[in-house]
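Structure record follows, encoded as structure tokens.
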Amino acid sequence: MVEAASNTVHSPLITYASVVSLLTLCPPFVILLWYTMVHADGSVSQTWDYLNGNGLRGLIEIWPKPTATAWKLIGCYAAFEAALQLLLPGKTVQGPISPKGNRPVYKANGVLAYAVTIATYIGIWWFGIFNPSMVYDHLGEIFSALIFGSFLFCVFLYIKGHVAPSSTDSGSLGNIIIDFYWGMELYPRIGKSFDIKVFTNCRFGMMSWAVLALTYCFKQYELYGKVADSLLVNTILMLVYITKFFWWEAGYWNTMDIAHDRAGFYICWGCLVWVPSIYTSPGMYLVNHPVELGSQLALLILAAGVLCVYVNYDCDRQRQEFRRTNGKCLVWGKPPSKITASYTTTTGETKSSILLTSGWWGLARHFHYVPEILASFFWSLPALFNHFIPYFYVIYLTILLVDRATRDDDRCRSKYGKYWKTYCDKVPYRIIPGIY
């Protein structure tokens, strides 16, 4: 976002170099990860040897061309999810007050959209209308089409932010690359009711994670006549996490992704491309590498993963309830400890927020990232340790969340000033209690 870019934790040179690197390296990385999982037996060294021997020409040769089939599959899926977002009923929910004093309004129908999507996908397979294995068979072409199509979509967002912003929460840093990467608008919409970030982040990105998790099961069943317990554990844990996400979707609209990060390459391309390709990668690996864990180990991993997802959910639920009741609730059976912090918006208005300093949020300022990272480890663990690549998502997520915690602290320090210092004195650890 522009705010994050202007209050960055890094020097402008490092920030600019990082932005350019991510813009240029993320697209080929998606293709290389898919190629390694599907065509190189999950072996990073095999892919490395191929690129080392063939160079750029080798990358071009393995990069699938976007096909008409890929575009049709993406188009049908996107249109279906957009229709669900617009047409399904839902409770009206207000987002947080923006830096410009605006307050977005949403229709909370994510759980219903999720249920309809999963039921429809399983139904069209069950009744022989569509074979989900087709998605897996064209996965490289789909990722390639998403890479280029989402890039063009981000160009549209950049132009829209200049010529037709949806609210006053928009603006430019005066650098076309930074503006394209971080985005121009905080709450871009098409018309009054179609929220673009809800679509890219929730209804396309997160929903595609669930759809592809099921796709990998359908494909393995087609290949081997059964679904291995390793892929079942992986899929169940990811679906539990995604179900938690949509159950808590209204709370997500108060997070950095929606309330602070603007709609640009970082958020929108990431959700349209990175989520379906990278977040689903442990399951993608397991399709061709079935592992039989045995009932005892499978149940142990499943139980540990479900526990982590629950703790992650309870952290978010605790803070959401604290905010909803304005602190008039119980946290772990006791009245919550809190700090009342005032701040000034960019329009000069003075407002106040309450900061929770007890419960999960008294352990560390971003403790909820700990169970989230552990959950990702447990849904990767069914692959065991024959290859490194199934654990890439865990490593990536750890880096992402540490960076996000740093950026969030930096933003809050700028927003709350002395109140944030008081908060940090009371909750001194950033993520891991007693360590970091």
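Some notes on this structure:
- Kyte-Doolittle at least 0.0, axis length at least 15 Å by Cα - qualifying DSSP helices, the chain: 12-39, 68-87, 110-126, 139-163, 207-224, 229-247, 295-324, 369-380
- Mean-position separation - Cα centroids, segment 55-83 and segment 256-277, in angstrom: 19 Å
- Packing here is the average count of other Cβ atoms within 10 Å per residue, and on that basis the peptides 245-252, 99-106, highest first, run 245-252, 99-106.
- Of the options (i) 19; (ii) 15; (iii) 25, only one is percent of Cα pairs over 39 Å apart as computed from these coordinates, and that is (i).
- Carbon-plus-sulfur accessible fraction, segment 93-215 (probe radius 1.4 Å, protein heavy atoms only): 70%.
- The H on the amide N of Ser166, modeled in the peptide plane, is under 5 Å from the matching H of Arg189, each at least 5 residues off or on a different chain.
- Accessible surface area normalised per residue over the chain is 44 Å², counting heavy atoms of protein chains with a 1.4 Å rolling probe.
- Segment 381-403-segment 335-350 distance, computed between alpha-carbon centres (Å): 37 Å
- Distance between the C-alpha centres of segment 114-151 and segment 161-240: 14 Å, rounded to the whole angstrom.
- Under 27 Å of direct C-alpha separation, and excluding same-chain neighbours fewer than eight residues apart, Lys328 reaches these lysines: Lys91, Lys107, Lys244, Lys338, Lys351, Lys415, Lys418, Lys421, Lys426.
- Normalised by 2.2 N^0.38 Å, where N counts its residues, the alpha-carbon radius of gyration of segment 101-245 equals 1.29.
- Carbon/sulfur fraction of accessible area - segment 319-436, other protein chains in place, 1.4 Å, %: 59 percent
- Choice from Ala228, Ala108, Ala17 showing the highest fluctuation, given a GNM over the chain with Cα pairs closer than 10 Å: Ala17
- Sum of -39500 (n - 2.57) over DSSP H runs of 4+, divided by residues of the chain (222 nm, nearest 500): -19000 deg cm²/dmol
- Listed residue (Ile176, Val273, Leu384) projecting farthest to the positive dipole end of the chain, Cβ model: Ile176
- Normalised by the number of residues in the chain, the average gap of Cα pairs under 8 Å and 6 or more apart makes the relative contact order 19 percent.
The values are calculated or read from the model by the stated rules, or taken from the named source; none is laboratory data. Source: prediction; values computed, not measured. Here Cβ is always computed from backbone atoms with ideal geometry, including for glycine, and neighbour counts include all displayed protein chains. All accessible areas refer to the heavy atoms of the entire protein, side chains included, with ligands and DNA or RNA removed. Shrake-Rupley method; radii C 1.70, N 1.55, O 1.52, S 1.80 Å.
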